[in-house]
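A short worksheet on the structure shown next.
Quick note: the coordinates plus some simple rules give every number you see, no bench work behind them. Just so it is clear, the model here is predicted, and its values are computed rather than measured. Note: ideal-geometry Cβ built from the backbone for every residue, glycine included; neighbour counts use all protein chains shown.
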Amino acid sequence: MNVLQRALASMTRKKAKSLILLIIVFVLGNIMLSSLVIMQSVDSTREAMLRELPPIVSMQMDNEYIQEKMEEVDDPQEMDIRLPDFDELEEIEEAGRDYIRAYDYSAHGSITTKSLDYYQPEDESTERGMVEDSGEGQYFTLRGAQIPQFTLLEVEEARVSQGRTFEPQEIEEGKPVILMSEELAEENDIMAGDHVLVENKWHEIDRPGGPDDEPELIDAREYEFEVIGLLDFLDVPGEEDHAHGMSDREKYQTLYTTNGFIAELQSDSMEIMRDELPEEQREMMEQQEDIVESPQLPVNFVLNTSEDINDFVDSVEPVIEQEYIKLSTQQDNFQQIAEPLESMRSIIVYSFYIAVGSSILVLTLVLLGFLKDRQKELGIYLALGEKKKKIIAQVVVEALGIGLIGATLALFTGMFVSDSISEMLLATQDMDLEEVSRSSSIMDPTAPRFDLEGVMEQYSVSLSFISIVSYYAVIAATTVLAQLISSTYILRLDPKKIMM
Amino acid sequence: MATATINVNNLSHYYQDGDYRRYVLRQVNCSFEKGRFYTILGQSGSGKTTFMSLLGAMDTVQEGEIQYQGYSHKSLDPNSIRRNYTGMVFQNYNLITYLTALENVMVAMEVTENRVPEDRQNVAYNLLDYFGLPRSKANRLVTRLSGGEQQRVSIARALATNVDVILADEPTGNVDADTEDEIVEIFKALAHEHSKCVIVVTHSSEIAREADVVLKLYKGSMTLDE
Ligand SMILES: Nc1ncnc2c1ncn2[C@@H]1O[C@H](COP(=O)(O)OP(=O)(O)OP(=O)(O)O)[C@@H](O)[C@H]1O
Ligand SMILES: [Mg+2]
């Protein structure tokens, strides 16, 4: 009769004790398992959702943080809000080199021209229409690209329906090549491959005679664009929930070109405007020129896979020196949009720890009771000269054996329990979430691309091999720990008192 | 003189009564040999159980020394004395209730570091059979055996570890007269046929009459009763 045989005999022959322990572990097992299942279900839902999203991390101004700081600091001027320059961008690129496929940022620019007409969506009333032609020409936004598969394409917000996207060489040389929406092209009878002559006009900023006064034309230059492709904007899931603002309409009116060309256009305008400006403002302008030395935020890092997002953020974050810059990912959005799920998860995490803690307590007390009941038997082992560690090993094996059986039984019921707990918890959550505002920039790839409904549809109770293993590990650790704590009783036993 | 199986030198033992040490054993000197059946007599409270618990390493020696085959108790781990040198038989049997008679015997065989035969199960069966417990009873839970049978199981258990010394503290206290006779016969046989050193504490002068050596414990001193 070695330790194992003794343990087995004790487990199978002292049925009442075994049964009590089994029931306790079964109940605790259900609690622990459903906690684990819910945690894992939320995690795998999140993972599944994020996997389908573009593998992009966006470096942006942390506006919320800036806002917070502004309120704390006496003089907001003292805050050193600076954009990362190209050197720093290089450093960041170096730090995240293993994960980055490419990065893109988009310079902003504009032209005012009479050569192109606005596209007016049919269902929109003209009252809400953009700008009436005031005679100055229409104002068009320009957005630059740094890579051929620029962010808009990468996040599948648009696809090239006609023609092609930029060639790397065109980007490098800052060629005046553009992509525009199909709608805008149609409005202007433009096809991919067409060359468009655009006259950009500069007007005086100050209107001496008030806002009604016609601003004076300063200069006009002609640029020849080649329209290399047309863009078909796709429906983005989750978009319909969020306000269609300016941004949504603006995307149809925007001309997408190379960052290099926008830089060229900017230096042209700088040149023209400088001559027109009074002395003091000219200085300010020169300062502004520095901005050109920094990439326009957001800088979007396109990673190899979306699984790299966390690793990338971890390795790049230490390199970013500006405290007002943040890296934002779709993960953050999930946290926000799927809030009911996320808060359910955190409730469950807490209750999991509480469950484990109280399990250890309850089991310790129960097992201690059992040991006291077995005092005589333990005394006999001691009188026979059995080593205390072997006696402890026996009772640990017993508790562990029954613990694992209880855990296995709970495995079958725990799935149902967790299913109904999920339902219960989600039902009590307030599902009418505040609308998470969609970022105003169409080029922001980290704008949420899913909604709560979609997330909830994806949510299903699931149990992975890893969770089963960790579930068993937790139960095993809990029972072993409880038995070890209560076994301090064995150390204090005096065989003479028991036996003689 | 060859080394005695157990040698007790100047053994004293006290129980703390507040600040006062109440001595139960004073400078006890005696020795025990293999092949002999000893009984210890003494009034209730004279310190017989105390003495036996010290021999059986169930309590710590405070003053003096006990030698097991020439080895001082100081050089031995009390646990190893219990599993390798002495086997104890108690008044209330002290068997593990959820095990069968056979299993109780085999537990002791597992614990000891003494050489035990390979086919433990057979040896255990034979041992029990020798003490009047056939297989049918050997395979019973000990709770379903009579008091006398249980005491025989506990003797078999003490013997199964191949120790030289069998210590029994009032082993017949809970059994009837016939059973008492049978058990005494067993002890005699153990000493004489199996050359064990058998030390039995008893109140019964009848048992003492059967013994080779009778010791008397009186006022803390051990004296030989001729
Ligand atoms: N743990 C203890 N603490 C204090 N005193 C004790 C303890 N154990 C025994 N004694 C005392 O020591 C004395 C000897 O006790 P012991 O049990 O050895 O006597 P005994 O000869 O076995 O008596 P009995 O024949 O009644 O079994 C008694 O007076 C008893 O009260
Ligand atoms: Mg006594």
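Once both labels are modelled 7 Å past Cα along the beta-carbon direction, what's the A:Leu197-A:Leu365 spacing in nm?
9.2 nm
Run the numbers on chain B and let me know its relative contact order in percent, using alpha-carbon pairs under 8 Å that are six or more apart. It would help to have the intermediate numbers written out before the result.
Working: 451 pairs, mean separation 69.6, N = 226.
Dividing the mean separation by the residue count of chain B yields 31 percent.
For the range B:146-161, take each phi angle, set θ = phi - 60°, evaluate the Karplus expression 6.51 cos²θ - 1.76 cosθ + 1.60, and give the result in whole Hz per residue in order, putting x for glycine and proline.
Once θ is set to phi - 60°, the couplings for the range B:146-161 become 6, x, x, 5, 4, 5, 5, 4, 6, 5, 4, 5, 5, 7, 4, 7 Hz.
Mind checking the angle between helix B:101-111 and chain B's longest principal axis? C-alpha axes, 0 to 90 degrees, to the nearest 10.
Long axis of B:101-111 versus the principal axis of chain B: about 50 degrees.
If you place +1 on the Cβ of every Lys and Arg and -1 on the Cβ of every Asp and Glu, how big does the dipole about the Cα centre of the protein assembly as shown come out, in debye to the nearest 20? Present the calculation step by step, with values, prior to reporting the outcome.
Numbers: 60 positive and 126 negative charges, 2739 e Å.
The calculation lands at about 13160 debye.
Give the angle, between 0 and 90 degrees and rounded to the nearest 10, that separates the Cα long axis of helix A:3-13 from the longest principal axis of the Cα atoms of chain A.
Between helix and principal axis, roughly 80 degrees.
Counting only other residues whose beta carbon sits under 11 Å from that of A:Arg345, what net charge do I get with K and R as +1, D and E as -1?
On the way: positive: A:Arg46; negative: A:Asp43, A:Glu339, A:Glu342.
Residues close to A:Arg345 contribute a combined charge of -2.
Determine the shielding of peptide B:191-201 by partner chains: average, over its residues, the number of Cβ atoms on other chains within 10 angstrom of each Cβ. Don't skip to the answer; put the middle values down first.
Working: counts 0, 0, 0, 0, 0, 0, 0, 0, 0, 0, 0.
Taking all residues of B:191-201 together, the mean is 0.
To make sure I understand, if each residue's beta carbon is the centre and we count other beta carbons within 10 Å, what order do A:Phe140, A:Phe465 fall in, fewest to most?
Working: A:Phe140 21, A:Phe465 7.
So the residues, fewest neighbours to most, are A:Phe465, A:Phe140.
What is the calculated FRET efficiency for A:Lys387 to A:Ala473, with r their C-beta to C-beta distance and R₀ = 25 Å, to the nearest 0.05?
On the way: r = 28 Å, r/R0 = 1.10.
That gives a FRET efficiency of 0.35.
Residues with amide H under 5 Å of B:Met88's amide H, sequence separation 5 or more or different chain, H placed in the peptide plane at 1.01 Å from N; which?
B:Leu167
What is the set of long-range amide H partners of B:Val201 at a cut-off below 5 Å, with H atoms built 1.01 Å from backbone N?
Excluding prolines and chain starts, which carry no amide H, the hits are B:Ile40, B:Ala168, B:Asp169, B:Glu170.
What is the fewest-to-most order of A:Arg97, A:Arg249 by other Cβ atoms lying within 10 Å of their Cβ? Walk me through the intermediate numbers first.
Details: A:Arg97 11, A:Arg249 19.
The fewest-first ordering by Cβ neighbours comes to A:Arg97, A:Arg249.
Given the Cα-Cα distance of A:Ser460 and A:Asp98 and 0.36 nm per residue of separation, how much length would full extension add, in nm? Show your work: numbers first, answer last.
Values: separation 362, 0.36 × 362 = 130.32 nm, distance 3.35 nm.
Gain in length upon complete extension: 127.0 nm.
Would you kindly derive the ³J(HN,Hα) couplings of the range A:113-118 from the backbone phi angles with the Karplus curve 6.51 cos²θ - 1.76 cosθ + 1.60 (θ = phi - 60°), listing them in order in whole Hz, with x for Gly and Pro?
8, 9, 6, 10, 9, 5
With each pseudo-label sitting 7 Å past Cα toward Cβ, what's the A:Leu297-A:Glu173 distance in nm, one decimal?
3.4 nm
Which links in A:Lys114/A:Lys326; B:Lys74/B:Lys219; A:Lys17/B:Lys48; A:Lys372/B:Lys196 stretch past 31 Å when you go from one Cα to the other?
Violating the 31 Å Cα-Cα cut-off are A:Lys114/A:Lys326; A:Lys17/B:Lys48; A:Lys372/B:Lys196.
Averaged across B:217-223, how many Cβ atoms of other chains sit within 10 Å of each residue's Cβ atom?
Working: counts 0, 0, 0, 0, 0, 0, 0.
So the per-residue partner count for this stretch is 0.
For the range B:42-57, in order, what is each residue's ³J(HN,Hα) by Karplus, 6.51 cos²θ - 1.76 cosθ + 1.60 with θ = phi - 60°, in whole Hz (x at glycine and Pro)?
So the Karplus estimates, Gly and Pro as x, are x, 5, 4, x, 7, x, 5, 5, 4, 4, 5, 5, 6, 4, x, 6 Hz.
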